[in-house]
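Visitor: Before I ask anything, let me first share the structure, which is written out below as structure tokens.
The values are calculated or read from the model by the stated rules, or taken from the named source; none is laboratory data. Please read these numbers as outputs of a predicted model, since none were measured by experiment. Here Cβ is always computed from backbone atoms with ideal geometry, including for glycine, and neighbour counts include all displayed protein chains. Areas reflect the complete protein model, heavy atoms only, side chains present, ligands, DNA and RNA absent. Shrake-Rupley method; radii C 1.70, N 1.55, O 1.52, S 1.80 Å.
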Amino acid sequence: MAASSVAASELLYNMKKQILILHPKVSCIIRRISTRSPRRYNQPQPSAKSAPEQLVGVVGLEIHAQIHSNTKLFSGSSVCFSAPPNSLVSFFDASLPGTLPVLNRRCVEAAVMTGLSLNCTINRKSLFDRKHYFYADLPAGYQITQQRRPIAVDGMLTYSFLGGKKRNQVIRKNVHIKQIQLEQDSGKSLHDDLRSQTLIDLNRAGVGLMELVMEPDMSCGEEAAAAVRELQLILQALGTCQGNMSEGQLRVDANVSVHRPHEPLGTRTEVKNINSVRYLARAIDYEIRRQIDVLQRGGMVQNETRAYDSKSGETVPMRDKEGLQDYRFMPEPNLPPLIVYEDNASLPTGTDLCQAVVVQKIREGLPELPSVRRDRLVQTYGILTEHSFTLVNEDGLVEYFEAVLKATKRAPRNVIGWVTNELLSYLKQHDMSVSQSPVTPPALAELLELQEMGHISSSVAKQVFQEMWRSSGKTATQIIHEQDLGLVSNTAQLHSICQKVVDSHPDEVHAIRNGNKKVLNKLMGLVQKETKGRADPVLVRTILQEKTS
Amino acid sequence: MLSLTLREVSLALREGRISPTELCRKCLNRIKKTQHLNAYITVTEELALKQAQEAETRLLQGAPKGPLDGIPFAVKDNFCTENIKTTCASKMLKDYAPPYNATVVQKLLDQGAVLMGKTNMDEFAMGSGSTDGAFGPVRNPWSYAASYTEKTGAVPESDWVVCGGSSGGSAAAVASLTSYLALGSDTGGSTRNPAALCGVVALKPTYGLLSRHGLIPLVNSMDVPGIMARSASDAAIVLGILQGLDMRDSTTVAAPSSPTELPEHFDVKNICVGIPKEYHAPGLSEETLMQWSRVTDMFERAGARVEQVSLPHTQHSIVCYRVLCHAEVASNMARFDGLEYGLRSKVDSSTEAMYASTRHEGFNDVVRGRILSGNYFMLKQNYQHYFVKAQKVRRLIADDFKHVFSSGVDVLLTPTTLSDATRYSDFTQEDNQTRSTQEDVFTQPVNMAGLPAVSVPTALSRRGLPIGLQLIGPALQDKKLLSVAQWIEQRVGFPSIRDSSESRNETGVTKREQTSAV
């Protein structure tokens, strides 16, 4: 054990030097279709000479999604992220002897909902099992999970991302969902190295999790990141998980291996400790690159758990004291089989309607899913697909966009830029959510109307928007009035400004007269500069055309 | 007064012949006098007097909560009692006071019953003699009864007999007249076995009929709270109070709608009594066999249909039970790591070292042995071979019962134990596992199938020690079983230990035996 970790760190040191020069996207590019017959190597052997087949990455994901629920999976304790340590702990959560699990129906419904949205088969009967291991933040010495028969199986997630050279090409992919299982979260161990103590916080112990297993259908960090992003959006749309990775509501472990296409999969590593979608892509790409490197140097990939270090951008072996774990699974005897019913008609007589989980009812209540929503936005408003991604990616932005549209006669295509560029960049700059925007949809609509009616130019409109952001509450009309930003449409005044510009730019005037009409735009720009963008562009154009004809 | 049944003493309380505090004091005195039995781990004297006082107020106001108001009871020390030590007779929990009451305890308290204390047992209910607890063995009260000492010439101090287990303390409490009823737990016979050896009635209810919330588990899929009392009718009263759905235990079932009060006269003419031939087990004592035949004949004479039936898979029950039990024990005991509650070893070189030494110091050999083998059975490479196989056999055993009951049999009549109680010095010649294998042979298959069973005392052996018979019924037929048990009870005339100080005043009323237990 000691020897191998020394070797690993040495390897890592050597690799660091290599990796620095590699582009993170390399791993995606090296995927190629093979024409060679499959070979049976578990450790892909790098061919010494001409390598007609490149090693490619294979990525599967294990995702733990904390169920958004008021109470824990098997107890009545509240669920809350930053409560004082050990303040949300019931007798059951602390594993007091004699306590028994009582299944939270909300968690079951969340899992069914999620399963339906991921095209899973919902098992009418699923079972709970105990998974045993000793750990200080696992008070009972076992976790209740669904090993034998999970609640949902055999699903599919379709995700898309923008690829191609200009990153504007929509690439659509599928990943199989092997299963979704309900299980308990563990508590948290806080290690105080100074006093060599471990402090245990059981607030999280027993919170409901959905473990989603995504098959190794992905090949690089970008795909994995896109799949997780799509999942995140789905969960948020459903309200079954808040999906915040940094708060641990969504935890993603990546199983990464490399092989040559058509050959058996290589030895995999499990990469943990990834707390954002961005890091997920980086961690996976780093790990693929590392494994290829190991193999190309004639080494072997170790089956191990590695942690991603976001500071260095590397994955490092995790200390795994226990070695090989035998979880000694056994049926949880205190919970009867979990039965869900297809519809009300299939309920056994005498069932309490409030207690039963009915799939049909849940199916009927499913909200619009992100992919459907994007398609609808493109079809309804004629916006670009990439814009639909931007809208859907930001919580509340679709609603904002649609609210603006309702309040203005302007075409969606004229509005979309304001929402996806102006508004979004301001929000990002200030690290705000859509709901916190000081500029409300009707306020933005008013501004756009003023522009449409020719009261202000587009550049002034941006200026006004900035002002609206800063002094929230003031309407666009107020700001335009106060700061005298209205269009200058005094003909005499404009005539004199235009004359000044024409007089001082004889070369340009000459060019126009010789038929190069585009040069007129330059003169127009100069006039706008003089008027700080307030000149009525239509009027200016007419005057300039007159003066240069 | 102390030797009355629950029903009788309840009436006495209502009629004002005795007050709850008087009754409570009498019981507390009796507990002191019988301390050598080691029936109690904790006696809750202060609390008992307070509760008795409250009951007295209610009774004086003519507003008792029910038939149990003011009635002293005892609870096996593996049921959680709020702020009262609940040790499971283990060093691991020697100072553990739970913050809540088990549902069954709460229900009794809600009825105004008066808790006398927590009773001794085998550590974590693993045993069949109440000899393997951290607080020493429980002595069978009959060891001190004239019937035993006079007939055998035994000297109680050296020749005392075990009281069976693992709920030995509860059985001893009811038999030695310190409580009118007691809660036991029954996983493989732990309530019925000591009840038979101590001459009291025990009901092992249908699995799920009584809540396990707050019962520190042995085998979750087989554990049931058991009721120990002085008569079948008393057990029925308690059953009526304890049964039913509990939100906190997802394995509970709704109670049958019929009242649990037993009919005074039960007609056995229309019932069919099955006698399982496999229960003629090796080691069955001649005297127990004789009692079995005697009661069988009684049924036949009374016009019941008596049929020999077969439960072919019963012979595999014990070995299969051992696999399932040890596996669940390994799992259930995993929580005792010294972190959240209970014993914590002083070893602190690492978390793992602390776990290991805590568990080594806290558990006895029996518990540790079962954890070890249980984990072995659950290993990935063994799981199919042991655990899954045992589950399949368990199904076959349950099916055996199903077949018999669907063929028209109403109740099965069997012995409860192989023989009367064994002397402690003889009992401890064999190890815990061997003893459990022998002692649980008749009681354990019922737990595999989740069925109700009653042990009813039928006679004293030639040694002057109780012999009990067992009735087994279909699921949720608990009341019917008790009715049949009462029918037997009414005919066998089983004697009860009598408080000697009282019996001096009541001369020759019955053929009840006297105890020299003071």
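Visitor: Based on Cα coordinates alone, diagonalise the gyration tensor for the protein assembly as shown, multiply each eigenvalue by 5, take square roots, and list the semi-axes in whole Å, largest first.
Guide: They are 78, 33, 25 Å, listed largest first.
Visitor: Does chain B classify as rounded, prolate or oblate by the C-alpha gyration tensor (a ≥ b ≥ c root eigenvalues; a/c under 1.5 gives rounded; else a/b over b/c gives prolate, otherwise oblate)?
Guide: Since a/c stays below 1.5, the shape of chain B is classed as rounded.
Visitor: Can you give me the solvent accessible area of B:Thr44 with a 1.4 Å probe, rounded to the nearest 10 Å²?
Guide: B:Thr44 exposes around 10 Å² with every protein chain in place.
Visitor: Along the positive direction of the dipole of the range B:87-136 (beta-carbon charges: Lys, Arg +1; Asp, Glu -1; about the Cα centre), which of B:Thr103, B:Ser128, B:Met92 reaches farthest?
Guide: Among B:Thr103, B:Ser128, B:Met92, the one farthest towards the positive end of the dipole of the range B:87-136 is B:Thr103.
Visitor: Leaving out ligands and nucleic acids, and using a 1.4 Å probe, what accessible area per residue does chain B come to in Å²?
Guide: Accessible area per residue: 35 Å².
Visitor: Total Lys pairs in the range A:101-206 closer than 26 Å by alpha-carbon, pairs eight or more apart in sequence or interchain only?
Guide: So the count of such lysine pairs works out to 4.
Visitor: Just to be sure I understand the interface: list residues from the range A:330-372 that lose 30 Å² or more of accessible area between the chain on its own and the complete protein assembly, 1.4 Å probe.
Guide: Residues meeting the cut-off: A:Met330, A:Pro331, A:Pro333, A:Asn334, A:Pro336.
Visitor: Any idea how far apart B:Val253 and B:Lys392 come out in nm if each label point goes 7 Å out from Cα toward Cβ?
Guide: In this crude label model, B:Val253 to B:Lys392 measures out at 2.6 nm.
Visitor: Here's a follow-up. With a cap of 13 neighbouring Cβ atoms within 10 Å, and only residues DSSP puts in a loop, list the chymotrypsin sites (Phe, Trp or Tyr not before Pro) found in the range A:383-474.
Guide: Here no chymotrypsin sites (Phe, Trp or Tyr not before Pro) fit, given the DSSP loop and packing criteria.
Visitor: Need one number: % antiparallel among DSSP beta bridges in chain B, to the nearest 5.
Guide: Looking only at bridges with both residues in chain B, the antiparallel portion is about 65 percent.
Visitor: Checking buried surface per residue: for the range B:231-280, which residues lose a minimum of 20 Å² accessible area in the protein assembly relative to the chain alone (1.4 Å probe)?
Guide: B:Met247, B:Arg248, B:Ser250, B:Thr251
Visitor: In terms of Cα to Cα distance under 13 Å, which aspartates and glutamates are near enough to B:Lys65, apart from those fewer than 8 places away along the same chain?
Guide: The reachable aspartates and glutamates, counting only those whose Cα sits under 13 Å from B:Lys65, are B:Glu54, B:Glu56, B:Asp110.
Visitor: What figure in square angstrom, to the nearest 10, would you give for the accessible area of A:Glu546 with a 1.4 Å probe?
Guide: The accessible area comes out at roughly 110 Å².
Visitor: Which sequence of B:Arg212, B:Arg14 reflects their accessible areas, 1.4 Å probe, from the largest down?
Guide: Greatest to least solvent exposure: B:Arg14, B:Arg212.
Visitor: What is the magnitude of the charge dipole of chain A about its Cα centre, with +1 placed on the Cβ of each Lys and Arg, -1 on the Cβ of each Asp and Glu, and no other charges, expressed in debye to the nearest 20?
Guide: 1680
Visitor: Would you mind getting the accessible area per residue of the range A:114-239, heavy atoms of the protein chains only, 1.4 Å probe, in Å²?
Guide: Accessible area per residue, the range A:114-239: 38 Å².
Visitor: Would you list, by chain and number, the aspartates and glutamates whose Cα falls below 19 Å from the Cα of A:Lys361, excluding same-chain residues fewer than 8 positions away?
Guide: Of all the aspartates and glutamates, those that pass the test against A:Lys361 - Cα under 19 Å, at least 8 places apart if same chain - are A:Glu109, A:Glu342, A:Asp343, A:Asp352.
Visitor: Now, a different point. Which residues in the range A:516-548 have a backbone N closer than 15 Å to a point placed 7 Å from the Cα of A:His510 along the Cα-to-Cβ line?
Guide: The answer is A:516.
Visitor: For A:Lys522, give me every one of the lysines with a C-alpha distance below 22 angstrom, ignoring sequence neighbours fewer than eight places off in its own chain.
Guide: Cα-Cα hits under 22 Å: A:Lys462, A:Lys500, A:Lys532, A:Lys547.
Visitor: Let me ask something else. Considering only protein heavy atoms, with the full assembly of protein chains and a 1.4 angstrom probe, order A:Ile416, B:Ile241 by accessible area, largest first.
Guide: B:Ile241, A:Ile416
Visitor: While we're here: Given a 1.4 Å probe and heavy atoms of the protein chains only, how would you sort A:Thr315, A:Thr198, largest accessible area at the top?
Guide: A:Thr198, A:Thr315
Visitor: Further question on the same structure: For the interface of chains B and A, what total accessible area is buried with a 1.4 Å probe, rounded to the nearest 100 Å²?
Guide: Using a 1.4 Å probe, the pair buries roughly 2700 Å².
Visitor: For A:Lys409 and A:Lys165, FRET efficiency with R0 = 35 Å and r from the beta-carbon atoms, rounded to 0.05?
Guide: The calculated FRET efficiency here is 0.40.
Visitor: Between B:Glu82 and B:Glu300, what is the label-to-label distance in nm when each label sits 7 Å out along the Cα-to-Cβ direction?
Guide: Output for this residue pair reads 5.5 nm.
Visitor: Search the structure for amide H atoms under 5 Å from the amide H of A:Gly163, placed 1.01 Å from N in the peptide plane, and list their residues when 5 or more places away or on another chain.
Guide: Under 5 Å from the amide H of A:Gly163 lie the amide H atoms of A:Asn168, A:Gln169, A:Val170, A:Ile171, each far enough along the sequence or on another chain.
Visitor: Follow-up question, since we're still on this one. Compute the helix-to-body angle for A:537-548: its Cα long axis versus the longest principal axis of chain A, expressed 0 to 90° and rounded to tens.
Guide: Here the helix axis deviates by roughly 40 degrees.
Visitor: Would you mind pulling out the separation of the Cα centroids of the range A:201-222 and the range B:363-414, in Å?
Guide: Measuring centre to centre over Cα atoms gives 35 Å.
Visitor: Summarise the accessible area of the protein assembly as shown (1.4 Å probe, protein heavy atoms) by the percent that is carbon and sulfur.
Guide: Its accessible area is 51 percent carbon and sulfur atoms.
Visitor: If you don't mind, there's one more thing I want to ask. Is the shape of chain A rounded, prolate or oblate, going by the alpha carbon gyration tensor and its root eigenvalues a ≥ b ≥ c, with a/c under 1.5 for rounded and a/b larger than b/c for prolate?
Guide: prolate
Visitor: Any idea what angle helix A:105-117 forms with the longest principal axis of chain A, computed on alpha-carbon atoms, 0 to 90 degrees, nearest 10?
Guide: For helix A:105-117, the angle is close to 60 degrees.
Visitor: Helix-only mean residue ellipticity at 222 nm, chain B, DSSP H runs n ≥ 4 weighted -39,500 (n - 2.57), per residue, nearest 500. What is it?
Guide: -11500 deg cm²/dmol
Visitor: Lys pairs in the range B:312-449, Cα-Cα under 21 Å, at least 8 apart or on separate chains: how many?
Guide: 4
Visitor: Based on the alpha-carbon gyration tensor of the range B:176-272 and its eigenvalue square roots a ≥ b ≥ c, which shape applies: rounded if a/c is under 1.5, prolate if not and a/b is larger than b/c, or oblate?
Guide: oblate
Visitor: What distance in nm separates the simple spin-label points at A:Met432 and A:His262, each placed 7 Å from Cα in the Cβ direction?
Guide: With each label point 7 Å from Cα toward Cβ, the separation is 5.7 nm.
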